[in-house]
1. State yes or no: is G32 small (G, A, S), surrounded by fewer than 12 Cβ atoms within 10 Å (Cβ to Cβ) and more than 24 Å from V116 (Cβ to Cβ)?
2. Is it true that F49 is surrounded by 12 or more Cβ atoms within 10 Å (Cβ to Cβ), among the aromatic types (F, W, Y) and in a helix (DSSP H, G or I)?
3. Let me spell it out: the conditions are (1) surrounded by 14 or more Cβ atoms within 10 Å (Cβ to Cβ); (2) in contact with a Lys or Arg (Cβ under 7 Å, 6 or more places away or on another chain), and R75 meets all of them except one. Which number is the exception?
4. Residues of the stretch 52-87 being more than 15 Å from the chain's Cα centre (by Cα) and touching a residue at least 24 places away in the same chain (Cβ under 8 Å), which ones?
5. State all residues of the stretch 1-25 that are touching a Leu at 6+ places or on another chain (Cβ under 9 Å) and outside any loop (DSSP other than H, G, I, E, B); if no residue qualifies, say none.
Amino acid sequence: MVPFLFFLVVERLSMSVKKAEEMGMYSGFKVGSSGLSVSNPQYIYDTLFIGEETMDNLLAIKSVPRCFKLACGLRVNFAKSCVMGITVDSAFLGMVDTLLHCSMGSIPFKYLGLLVGANPRRISI
């Protein structure tokens, strides 16, 4: 029962990100020719914030979880979080790291024991 309640509450976090996107405060990653936005996928207890390299996105990633904490009491543990970027300026990633107080990750990385972002054709993989 507790995991179900957790998912109900965390769904509100996802809705908050969508609302920030509708208000123009956050812009997710656009996929395909239709411009479908991927901004906040969730898997089990993990939440991803995927978006463009903008100051608005950075401020939204800081403020939306803070509002979520005030509303329901659950907080994002930024100390256990990491930021990664693909074709993102390292100075911007450093600013994100400093503002959010999280670690800086790199690609490839391990998630649930699987290597993500590595070339599967390499013998070492």
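1. Criteria not met by G32.
2. Taking the combined requirement at face value, the residue does not satisfy it.
3. Unmet condition: (1).
4. C67, A71, C72, L74
5. Passing the criteria: F6, V9, V10, L13.
Read-outs throughout are calculated quantities, based only on the coordinates presented, and are distinct from any laboratory measurement. These numbers were taken from a predicted model, which means no experiment stands behind them. All Cβ positions, glycine included, derive from the backbone under ideal geometry; neighbour counts span all protein chains shown.
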